[in-house]
1. Going by the structure shown, is residue 129 more than 16 Å from the ligand (Cβ to nearest atom), farther than 27 Å from residue 216 by Cβ, assigned to a helix (DSSP H, G or I) and open to solvent by 40 Å² or more (accessible area, probe 1.4 Å)?
2. Test residue 216 against the stated conditions and say whether it is at pLDDT below 95 and either more than 16 Å from the ligand (Cβ to nearest atom) or loosely packed, with under 13 Cβ neighbours inside 10 Å (or both).
3. Does residue 341 satisfy the condition of being in contact (Cβ under 8 Å) with a residue 24 or more places away in the chain and open to solvent by 10 Å² or more (accessible area, probe 1.4 Å)?
4. Tell me yes or no: at least one residue of the stretch 227-250 is within 16 Å of the ligand (Cβ to nearest atom) and more than 26 Å from residue 303 (Cβ to Cβ).
5. Output the residues belonging to the stretch 422-451 that are touching a helix residue (DSSP H, G or I) at 6+ places or on another chain (Cβ under 9 Å), outside any strand (DSSP E or B) and crowded, with 16+ Cβ neighbours inside 10 Å.
6. Determine if the stretch 380-401 includes at least one residue that is assigned to a helix (DSSP H, G or I) and open to solvent by less than 20 Å² (accessible area, probe 1.4 Å).
7. Being under 30 Å from residue 131 (Cβ atoms), open to solvent by 10 Å² or more (accessible area, probe 1.4 Å) and within 28 Å of the chain's Cα centre (by Cα) is the filter here, so list the residues in the stretch 162-193 that pass it.
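The values are calculated or read from the model by the stated rules, or taken from the named source; none is laboratory data. All figures in this text were calculated on a predicted structure; none of them were measured in a lab. Every residue, glycine among them, receives a Cβ derived from its backbone with ideal geometry; neighbour counts consider all protein chains shown. For accessibility, only protein heavy atoms count, side chains too; no ligands or nucleic acids. Shrake-Rupley method; radii C 1.70, N 1.55, O 1.52, S 1.80 Å.
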Amino acid sequence: MADVESSFRRIPAIHRLLESSCIRDTIAIYGRDSVMDACRAAVDALRQRIVDGELEGTAIDAACDALESEILQSLHSSAQPAYPRVINAAGVLIHTNLGRAPLVQDIPDSLASYLALEYDIAAGQRGQRLAPLRDRLARLSGAESAIMVNNNAAALLLILAGHAHGRQVIVSRGQLIEIGGSFRLPQVMAASGCHLVEVGCTNRTHLSDYERAITGDTAAILVAHHSNFRIVGFTAEPGIDELAGLAHSYELPLLVDQGSGNLYDLRRWGLGSEPTVTSLLDAGADLVCFSGDKLLGGPQAGIVAGSRRWVEPLARHPMYRALRPDKTSLVLMDQVVRAHLSGHLERIPLFRMLEASVETLKKRASRLGRRLRERGVPARGQATRAALGGGTTPAETIASYGIAIAGGQRLLDALRTVSPPVIGRIEDDRVILDLRTVFPDQDHDLENALVASYGRLETNEAGR
Ligand SMILES: *Cc1c(COP(=O)(O)O)cnc(C)c1O
């Protein structure tokens, strides 16, 4: 114990650390409290290492000498953005862990100003927050009416709470889906206060299964798009038109969780067909809900589109107030909606990535490969397959192009330690960096990141 105490005496006191010029100078940058906290945390950690017997003798002096630089390092990293920019070279366009659809680059200046959020400029009085956007959202979806909430999980929650609270909702067993990020359909249904009635089998559900389940207590039929998996083989599911016919004959609404927000024929980009929001409404769905940050290419949001009769009550539901979107997502959504309505998809980053031809990507890859080889990194062009991601078209990929470098997992890991970090993937022990998801103006950063991380690998190798 005496030993530990004498070791503690060798640790500089907090006020001594604060007096040292390099620490004192950081107060103006990080604030006095943060600097004090960092000093205390570093000293506490050092004490703990001594107590744990990790450090003895001269190692303690070395650790004391390293304290200042450790404190500076910790102050520096605590001042970095919590959500740093990364280069997505994984070839997954809607990458949920990387923020799904990237936002437009020209962020509207109204966001850094006061804006007419709930203000009717012509009348000079209070307006309704959602009113300016509702017609546009409805037009985009091909619906009579639409509203927007924070995400698609919230949209579904609101639909079910608004139209099925305390009553039964019929769902096929083949559609009891889990989406990443803890969205599980049965749990969302339970949270909304409705009762799930499962019908059919995992692979086959028939119209008659639905019809048999309808009781006086049924509030709706719900269809959830199997967005992130495919059931193949001996399968059957009634069409939306048939289900709508059945639901309407019992005066029930047909609700569809479409998920992706797809508005187009995806074959245009070499993908398979996926039902569009409009086609579901045209087939008779009363309400369709979907995410804003998947195939719409916008900010996180959930949109409910459908007939006035079923949409309007949701806008007045008390839960709506808790789920309503903030000004940031409304402004960004409006910008994306206008791009869709005017046919200017090139304004939306997601669609620029989809539109890029393999030829263009190949040219970028060979230019990048050449530069990298000149700088000592043995990279070469490589045909790849990119994926849409975000739980859309799970079984399909898009022809793409990138670069391949030998180096395996260690290079992949090293690429995440540079700034900006690069997220790639491994195929056959080679690192693959897909250029479809890399913005063209990031090629230079990608090049530097590769040179730095490859250099780091070689240094480590030499040091072994
Ligand atoms: C993505 C998705 C959700 C969840 O949407 P969020 O916007 O992430 O809340 C729900 N249902 C389906 C079918 C989806 O594809």
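1. Spelling it out, it is not the case that residue 129 is more than 16 Å from the ligand (Cβ to nearest atom), farther than 27 Å from residue 216 by Cβ, assigned to a helix (DSSP H, G or I) and open to solvent by 40 Å² or more (accessible area, probe 1.4 Å).
2. no
3. yes
4. Yes: one or more hits.
5. 424, 435, 436, 437, 438, 439, 443, 446, 447, 449, 450, 451, listed by residue number.
6. Scanning the stretch 380-401, I find no residue that is assigned to a helix (DSSP H, G or I) and open to solvent by less than 20 Å² (accessible area, probe 1.4 Å), so the answer is no.
7. 162, 183, 188, 191, 193
Residue by residue, here is whether (1) in contact with a strand residue (DSSP E or B) (Cβ under 9 Å, 6 or more places away or on another chain); (2) more than 16 Å from the ligand (Cβ to nearest atom) holds:
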| residue | (1), (2) |
| --- | --- |
| 337 | no, yes |
| 340 | no, yes |
| 356 | yes, yes |
| 361 | yes, yes |
| 364 | yes, yes |
| 384 | yes, yes |
| 391 | yes, no |
